[in-house]
1. Considering each residue of the range 134-159, count those that are open to solvent by 90 Å² or more (accessible area, probe 1.4 Å) and not polar (S, T, N, Q), and give that number.
2. Cβ-Cβ below 8 Å, separation at least six or inter-chain, first residue in the range 92-114 and farther than 27 Å from residue 52 by Cβ, second surrounded by fewer than 12 Cβ atoms within 10 Å (Cβ to Cβ) and modelled with pLDDT of 90 or more: which pairs?
3. Which members of the range 55-78 meet the condition of being aliphatic (A, V, I, L, M), in a helix (DSSP H, G or I) and surrounded by 15 or more Cβ atoms within 10 Å (Cβ to Cβ)?
4. Considering the range 39-52 alone, what residues qualify as being of a type in the set (S, T, N, Q) and either open to solvent by less than 40 Å² (accessible area, probe 1.4 Å) or modelled with pLDDT under 90 (or both)?
5. So, in the range 116-133, how many residues would count as being open to solvent by 80 Å² or more (accessible area, probe 1.4 Å) and either of a type in the set (Val, Ile, Thr) or more than 30 Å from residue 101 (Cα to Cα) (or both)?
6. Note down all Cβ pairs under 6 Å where the first residue falls in the range 75-91 and is at positive phi, the second is open to solvent by 70 Å² or more (accessible area, probe 1.4 Å), and they're at least six residues apart or on different chains.
Amino acid sequence: MDLRGAFTHNWPYKVAAVVLSVLLWLNVAADRERNDQQVATRLVVEVTDSAWTVREVMPVVTTIFEGRGGDIFSLLNQPTIRKVIDTVDDTLMEVPLSPSEVVYDRSLNVRPTAVVPGRVPVRFESLMSRLVPVVAVSAARAPPGFVVEGPQVDPDSVRIRGPRS
């Protein structure tokens, strides 16, 4: 086989191999440098104060992660910040957020450096309890010669608890 034939034989495969090797090299070279990336972070607020419940909170904030591009890309399963509020002082509170509270896959070579915004407004609503009578409604009809007496309910009332609204 001559030299020219060696270059032109299976040339589409050879071009594809060169293109793939360049792309792989670019990917590896870019993954070495550390950079900052914003990642959407789910915010979950729980209240342990039995007199209150969360009415409104921003569901997603942004966390800035520092790390290699490939590892940051692996954070797509959305990190979470879980805040537990023990005592509610008012119907509107500013809750601080910290990068140390971000829950994510620690095996990745990334670290959270900031949470934006650093404080979020959370609206609370007081809970109330009410005794509600239980009333049975029946559309039963008796055949001729029989009488249907009103249904009996036990218990005759129940206590419900929920947001005041």
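The values are calculated or read from the model by the stated rules, or taken from the named source; none is laboratory data. Being a predicted model, the structure only gives us computed values, none of them experimental. Cβ atoms come from the backbone with ideal geometry, glycine included; neighbour counts cover every protein chain shown. Each accessible area value is taken on the protein alone, full model and side chains, heavy atoms only, with ligands, DNA and RNA left out. Shrake-Rupley method; radii C 1.70, N 1.55, O 1.52, S 1.80 Å.
1. Step one: of the range 134-159, the residues open to solvent by 90 Å² or more (accessible area, probe 1.4 Å) are 135, 137, 139, 141, 144, 146-147, 149, 152, 154, 156, 159.
The next check asks that each one be not polar (S, T, N, Q); those that pass are 135, 137, 139, 141, 144, 146-147, 149, 154, 156, 159.
Looking only at that region, the number is 11.
2. Partner pairs satisfying both residue conditions: 112/100.
3. The initial filter retains those residues of the range 55-78 that are aliphatic (A, V, I, L, M), namely 57-58, 60-61, 64, 72, 75-76.
If we keep only those that are in a helix (DSSP H, G or I) too, we end up with 72, 75-76.
Answer for the range 55-78, where residues must be aliphatic (A, V, I, L, M), in a helix (DSSP H, G or I) and surrounded by 15 or more Cβ atoms within 10 Å (Cβ to Cβ): 72, 75.
4. Taking the range 39-52 first, the residues of a type in the set (S, T, N, Q) are 41, 48, 50.
Result: 41, 50.
5. Kept after step one, since they are open to solvent by 80 Å² or more (accessible area, probe 1.4 Å), are these residues of the range 116-133: 119, 123, 130-131, 133.
Now drop any that are not either of a type in the set (Val, Ile, Thr) or more than 30 Å from residue 101 (Cα to Cα) (or both), which leaves 130-131, 133.
Counting residues in the range 116-133 that are open to solvent by 80 Å² or more (accessible area, probe 1.4 Å) and either of a type in the set (Val, Ile, Thr) or more than 30 Å from residue 101 (Cα to Cα) (or both) gives 3.
6. As it stands, the answer is 78/42, since those pairs meet every condition given.
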